[in-house]
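Participant: Got a structure for you, written out below as C-alpha cells; questions coming shortly.
Nothing in this text is a laboratory measurement; each read-out follows from the coordinates by a stated rule. In this text the structure is predicted, and so the values were computed from the model without any measurement. Virtual Cβ from ideal backbone geometry, glycine too; neighbours counted across all protein chains shown.
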Amino acid sequence: MAEANLDLTTGILSNLHLTLITPKDLEGKQVRKNSSDLHVAEQLADPMMSAARKAKVIFVEVPVGSQSARAMASYGICVGVLGAVRALGIPIIEVTALETKLALTGKKTATKREMITKAVELYPDANWPWHAGKVPDKAEHMADATGSIYAGVRTPMFKNLMRLLEGV
C-alpha cells in the first residue's frame with residue numbers, strides 16, 4: 001500500500017508512506033481453511049479501510065484471475081476487500097499491470113527489480129524496507145502501489161473526476 005499527497009496543480013507526489021501488509025494464516029489441525037481465509041481477509045481489510053477513509057481517491061492495480069484454486073481464493077479476498085472499500089463511496093481508479101509498469105518505468109516489460117529500483121530512485125526518503133544495503137524483492141508490492149498512483153493520474157477517469165471536483 002502506498003499513501004501520498006498529490007498536488008493537483010503541479011502533479012507532484014509527496015509524503016509517500018508505504019505499508020506491506022503480510023497477513024498470517026491461522027494454524028492448527030482444528031482450523032478450517034475457510035476460517036483462516038476469513039482471518040487473512042480481515043487482516044488485509046483493516047489497514048486498507050483505515051487508509052481508505054483518509055483518501056479522496058484510490059488507485060489500484062486490480063488482480064486478474066489465477067491459475068490455481070488456492071490463488072483464486074487469494075484473488076477473491078483481494079477483490080472482496082476492494083469491493084468493501086468501494087462501498088465506502090471512495091472513488092477507485094483501476095489500472096492494469098501494464099499501465100503501472102509503463103507509467104513508472106516507461107517499459108512494458110519492466111521486471112520486479114526494475115520497478116523497485118525506479119520507485120526507490122524517485123522516492124529515496126520513503127520508508128522502504130532496507131536489508132543488507134538494498135531494498136528486498138518483497139518491496140515489489142510497494143513499488144507497484146507507487147506505480148499505480150503514477151498510472152492512475154493519467155487515466156481519463158481521474159481527469160474527469162478532477163474536473164468534477166474543481167466545480168464543487
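Participant: Relative to the compact globular guide of 2.2 N^0.38 Å, what is the alpha carbon radius of gyration of segment 1-86, as a ratio?
Facilitator: 1.31
Participant: Now for a separate question. How big is the antiparallel share of DSSP beta bridges in the chain, given as a percent to the nearest 5?
Facilitator: 55 percent
Participant: Could you name the lysines whose alpha carbon sits less than 25 Å from that of LYS54, not counting residues in the same chain fewer than 8 places away?
Facilitator: LYS159
Participant: So, one more: For the chain, give the magnitude of the charge dipole about the Cα centre (Cβ charges: +1 Lys/Arg, -1 Asp/Glu; no others), in debye to the nearest 20.
Facilitator: That gives a dipole near 280 debye.
Participant: Work from the charge dipole of segment 9-164 (Cβ charges, +1 for Lys and Arg, -1 for Asp and Glu, about the Cα centre) and give the residue of PHE59, PRO156, ASN127 farthest towards its positive end.
Facilitator: Value: PRO156.
Participant: For the residue pair LYS29 and ALA71, what label-to-label distance in nm results when each label sits 7 Å from Cα along the Cα-to-beta-carbon direction?
Facilitator: With each label placed 7 Å out from Cα toward Cβ, I get 3.3 nm.
Participant: Pulled fully out, how much extra length does the chain show between THR109 and MET162, if you take 0.36 nm times their separation in residues and subtract their Cα-Cα distance?
Facilitator: Stretched out fully, the THR109 to MET162 stretch lengthens by 16.1 nm.
Participant: Go through ALA145, ASN5, THR111 and say which Cα lies farthest out towards the positive end of the charge dipole of the chain; charges sit on Cβ, +1 for Lys and Arg, -1 for Asp and Glu.
Facilitator: Looking along the dipole axis, the top candidate is THR111.
Participant: For the chain, what does the helix formula give at 222 nm: sum of -39500 (n - 2.57) over DSSP H segments with n ≥ 4, over the residue count, nearest 500 deg cm²/dmol?
Facilitator: Computed mean residue ellipticity for the chain: -16500 deg cm²/dmol.
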